[in-house]
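> The structure's right below; bear with me while I get my questions together.
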Amino acid sequence: MLSPVIIPGRSHGNCTVNDNPPVSCDNARMREIKHSALVAQPPRRLFDLINDIDSYPSFIPWCTRAKVLSRSDREIVATIGVQRGPLQSEFTTRNELEPDNRILMHLVDGPFKMLEGEWLLTPIPVTEGAGCRVQLTMKFAFKNALTAVLFEQKFAETASSLMDAFVARARTLPP
């Protein structure tokens, strides 16, 4: 039997690894990521692009699959498959829609203890037409402390690259 080992250099509370139980953790760390960008597209176009979940695998490099489970004017429930380096998983979110303004993401299922997100679209005047400021905030914590140690940084990088993928896609659309 392995003796408990404290995982150094991480602020995961009192996390230990041994064989029985495999992992215990009193308090997994919550991470928050914020990114924003100015895009020469109106908020409506960005709102539609963010909600075109079925097309995610075509322009988000780490998205292996995207399936909309239900859709209404006010809500979308969808599952996203993720593969980036050794990180391979999928998660399901319920997205509350405020047309042309905001999308709130809430975890339904996946490897997270907590996953929340917000897309905020703010109109801005540009010299030739409409534009908007796009802001993405994501908060997450993994259920399992060992998973957190192994994949937290990789998921943070993945979440951070999401804004880049949407901005690049928006730039391919006509103004």
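The values are calculated or read from the model by the stated rules, or taken from the named source; none is laboratory data. For clarity, every value in this text was computed on a predicted model and none was experimentally measured. Cβ: placed from backbone, ideal geometry, glycine included. Neighbour counts: every protein chain shown.
> Determine the pairs where a residue that is under 17 Å from Leu121 (Cβ atoms) and in contact (Cβ under 8 Å) with a residue 24 or more places away in the chain, located within segment 35-60, has a partner that is of a type in the set (Val, Ile, Thr) and part of a helix (DSSP H, G or I) with Cβ atoms under 7 Å apart, the partner being 6 or more residues away or on another chain.
Filtered contacts from segment 35-60: Ala37/Val167; Val39/Val167.
> Within segment 110-118, identify whether any single residue is of a type outside the set (A, V, I, L, M, F, W, C), under 21 Å from Lys67 (Cβ atoms) and out of contact with any Leu (no Cβ under 8 Å at 6 or more places or on another chain), and answer yes or no.
Yes, the conditions are met somewhere in segment 110-118.
> Phe91: touching a Gly at 6+ places or on another chain (Cβ under 7 Å), part of a strand (DSSP E or B) and not β-branched (Val, Ile, Thr), yes or no?
yes
> Out of the residues in segment 68-127 that are hydroxyl-bearing (Ser, Thr, Tyr) and touching a strand residue (DSSP E or B) at 6+ places or on another chain (Cβ under 7 Å), which is surrounded by the fewest Cβ atoms within 10 Å (Cβ to Cβ)?
Step by step, filter segment 68-127, then rank; the result is Ser70.
> I need the full set of residues from segment 43-85 which are at pLDDT below 95, touching a Ser or Thr at 6+ places or on another chain (Cβ under 7 Å) and either aliphatic (A, V, I, L, M) or part of a helix (DSSP H, G or I) (or both), in order please.
Val82
> Ok, one more. Could you tell me whether Asp19 is part of a loop (DSSP other than H, G, I, E, B), modelled with pLDDT under 90 and either farther than 19 Å from Leu87 by Cα or hydroxyl-bearing (Ser, Thr, Tyr) (or both)?
yes
> Would you check which residues across segment 119-175 are among the polar types (S, T, N, Q) and assigned to a strand (DSSP E or B) and list them?
Thr122, Gln135, Thr137
> Considering each residue of segment 93-147, count those that are at pLDDT below 90, among the charged types (D, E, K, R) and more than 19 Å from Arg171 (Cβ to Cβ), and give that number.
Residues meeting the conditions: 1.
> Hey, could you check segment 61-79 for residues that are in contact (Cβ under 8 Å) with a residue 24 or more places away in the chain and of a type in the set (D, E, K, R) and say which is farthest from Leu104 (Cα to Cα)?
So the residue we want is Arg65.
> Consider Ala148 carefully, then state whether it is farther than 21 Å from Met105 by Cβ and either surrounded by 15 or more Cβ atoms within 10 Å (Cβ to Cβ) or acidic (Asp, Glu) (or both).
So Ala148 does not fit the description; no.
> State whether the residues of segment 101-110 include one that is without any contact (Cβ under 8 Å) to a residue 12 or more places away in the chain and within 28 Å of Val39 (Cβ to Cβ).
The answer is no; no qualifying residue exists.
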